[in-house]
Amino acid sequence: MWVITQVVKPDRPGTHIDLTMIHGIFVRIAVFAFAIIWSGIAAWSWAEEAPPSVKVLVTYHSLSGNTERMAEAVVDGVKSIPGTEAVLKRVGQVTAEDLFSSDAVVVGSPVYWSNMSGEVKTFFDNWQFKFGVFPEFKMKNKVGAAFATGGQISSGKEITMLTILAAMLGNQMIVVSGGGAFGASATTEGDSPGIDNKELADAKALGRRVADVVKLLKSATSPQAPHLLP
């Protein structure tokens, strides 16, 4: 409903200026312009400042509980990075959806006879026979990392992590280390029974490194950045 206020100019009889209507028009134009500018600023702010969402699958095999504790510490490290989600599952519980929807996969194993456990090896075998990653290389350019636990200092932890990383490299994944030269590891017998605080800190460092690298890769390949990975 318009309220009309008229002004008659003395030198021009019969000329009326509708001040209220003019004011209303200016207000509408100002509100419309503000809405356009604000929506542009919000869109720019989201594109420039919102961190990319990162999903990391941490999966493991554990009988004694030592590797499970390391896995939980890896998850803590992942979650310490803003904009990340961590999924923790035993290798026998991982589904194709878990695998393919993740940006990174961190695999942990106890050392059995200087190598990964049979359960972890079966997990990798299932990438082909159960999940069908080949020949499309469905894990290509995802980030991979490893951690291991073993009873003795030289029981085969490095070999175990290297064989995990080798399986990932065979799937054209991007492997990273953290918490150690090849990943995080823990010695669970002898002078250091179980998992100590330093080993848990190494596992957290691995989780943080994986999340950081994934965020860097996703930022580099976002629509706002040049496409770097083939």
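The values are calculated or read from the model by the stated rules, or taken from the named source; none is laboratory data. None of the values given here were measured: they were computed from a predicted structure. Neighbour counts are summed over all protein chains in view; Cβ atoms, including those assigned to glycine, are modelled from backbone coordinates with ideal geometry.
Numbers below:
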read-out: Options Ala104, Ala71: the member that is surrounded by 20 or more Cβ atoms within 10 Å (Cβ to Cβ), in the same structural domain as Phe129 (by TED's automatic domain parsing) and under 24 Å from Gly151 (Cα atoms); value: Ala71
read-out: Matching residues, the range 82-137, being hydrophobic (A, V, I, L, M, F, W, C), under 17 Å from the mean Cα position of the chain (by Cα) and outside any helix (DSSP H, G or I); value: Ala86, Val87, Leu88, Ala104, Val105, Val106, Val107
read-out: Single residue of the range 80-139 satisfying the filter (touching a residue at least 12 places away in the same chain (Cβ under 8 Å) and among the acidic types (Asp, Glu)) that is farthest from Thr160 (Cα to Cα); value: Glu85
read-out: So Ala146, is it crowded, with 22+ Cβ neighbours inside 10 Å and either outside the structural domain of Val107 (by TED's automatic domain parsing) or closer than 17 Å to Asp103 by Cα (or both); value: yes
read-out: Residue within the range 172-184 that is surrounded by fewer than 21 Cβ atoms within 10 Å (Cβ to Cβ), over 21 Å from Ala73 (Cβ atoms) and out of contact with any Lys or Arg (no Cβ under 9 Å at 6 or more places or on another chain) present; value: no
read-out: Unmet criterion (only one of (1) within 23 Å of the chain's Cα centre (by Cα); (2) part of a strand (DSSP E or B)) for Thr149; value: (1)
